[in-house]
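Input: a single structure, listed below in structure tokens.
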Amino acid sequence: GSTQMAALCLSPGCHITSCSQNGVPSQAGGKMPQTPPFAAMFDSSGYNRNLYQTKEDNCGGLYYHDNNLLSGSLEALIQHLVPNVDYYPDRTYIFTFLLSSRLFMHPYELMAKVCHLCIEQQRLSDPGLDKNWTQKIAPKILQLLTEWTETFPYDFRDERMMRNLKELAHRIASGDEMYCKNVQQLLQNLIRKLAAVTQYEEVLAKIDATTSTDRLTLLKAKPQSIQRDIITVCNDPYVLAQQLTHIELERLNYIGPEEFIQAFVQKDPLNNDKSCYRDRKKTRNLEAYVEWFNRLSYLVATEICMPVKKKHRARVIEYFIDVARECFNIGNFNSLMAIISGMNMNPVSRLKKTWAKVKTAKFYILEHQMDPSSNFCNYRTALRGATQRSLTAHSNREKIVIPFFSLLIKDIYFLNEGCANRLPNGHVNFEKFWELAKQVSEFITWKQVECPFERDWKILQYLLTVPVFSDDALYLASYESESPENHVEKDRWKTLRFVSEV
């Protein structure tokens, strides 16, 4: 069991992070363009206003307004991604284009075009300048490949991507001994990240297999007295909130930024026969994270409905209220919301006699914070506060921001639905993609935080693997605890008892 868990809570060294936070490292053979840290890349308008005076202005198929890139043909945007001797694309542009281009083409097709353009440049340059050209351009191409492999490593789970990457890397390395080491480093880092995500997926699959037993049989078979419960495993709500934060940060960390965009990929209207990326989705870390939220909600409801005695149930409710409050203080809004939704499930909320014994003032404060009215206005204010705190934080503890994830997905979904990907003239609507990139880049900053709390394997094991009740089992436990109050409940109870005895 614990080796399985050890793999789930991987050592910090295995964390997938994006490009270095303090500007790009300079490569051998010439200084690289310095770029701002990830969080600072996008200003309040969605992108840096002064970056796009480079290269061309309203020409070459790109359209600018006040130095802001608004739209362009797909070909021109690809061209804009590829460095040349005098030019390196800005980091905000690289991130935004790599993120959104998958709505129009497979990453491996983009990679093939980038390789082709790089090779074309080399062919067209003066043969006498060949060595000189390599020295000027190689570090830039290497830098572009570094940004791609670090920010979107899962793209390279496709063997065609790997082939193209190796071919281009080989061209760079063969030009000069200096670049050989850098290329090796790039490939090693990438392979390590891909191995880490494979290991993580295997652990998730094992956990799923161990927790998918039938809950109703468990309910019948289990003498209540020997059933372990959450308070026996961890009697300190602060510690439980910290262990939940471990699980949240780990699962968040494995979600690739492109997974948000892949969720929307249907077809490119200009190319009807080709569905873009749906057929080759490389990961399901985003879905696994949503499943974790649901599991936590059901775990909370199970723990509350299980005890036979009313005072024990009330104690479990108060315990979870304290856990939720500490999650709020930490900045772990996802666990907080899962706990509240578990407490609001019908089998729990109908336990009137139990709730009568609970000091509910603290619960109502939390519910108010996560109130869905006015598009979750209170939560959004709290999230902004946590985000501000994390920007000026000196410790990892103050940096933690774990958003209520379903709402983040919904926001990105509506942003995508609300604007067309293409303008009437067929140009790519780049203004939309700045906005998408801005939301996703904030998420990247949050997922990079190292969890500052000590791990407790016993508690983590319990949270991730203890069986939880299905809806039916929850209702059955709830009716056994406090009898049905009306005909509908009585009928349901009869049916459930009949089913569980068969």
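The values are calculated or read from the model by the stated rules, or taken from the named source; none is laboratory data. Only a predicted model underlies this, so the values are computations on that prediction, with no experimental measurement involved. Every residue, glycine as well, gets a Cβ built from its backbone with ideal geometry; the counts of neighbours run over all protein chains shown. SASA here: full protein model, heavy atoms, side chains in, ligands and nucleic acids out. Shrake-Rupley method; radii C 1.70, N 1.55, O 1.52, S 1.80 Å.
Here are the numbers for the structure shown:
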quantity	calculated
Residue under evaluation LEU168, criteria (1) at pLDDT below 85; (2) open to solvent by less than 10 Å² (accessible area, probe 1.4 Å), criterion not met	(1)
Residue that is nearest to THR146 (Cα to Cα) [pool: residues in the stretch 171-191 that are of a type in the set (A, V, I, L, M) and open to solvent by less than 60 Å² (accessible area, probe 1.4 Å)]	LEU186
Hits in the stretch 57-94 (condition: modelled with pLDDT under 90, in a loop (DSSP other than H, G, I, E, B) and crowded, with 16+ Cβ neighbours inside 10 Å)	GLY61
Options ILE261, ILE255, ILE226; residue that is buried (at least 20 other Cβ atoms within 10 Å of the Cβ) and at pLDDT below 90	ILE261
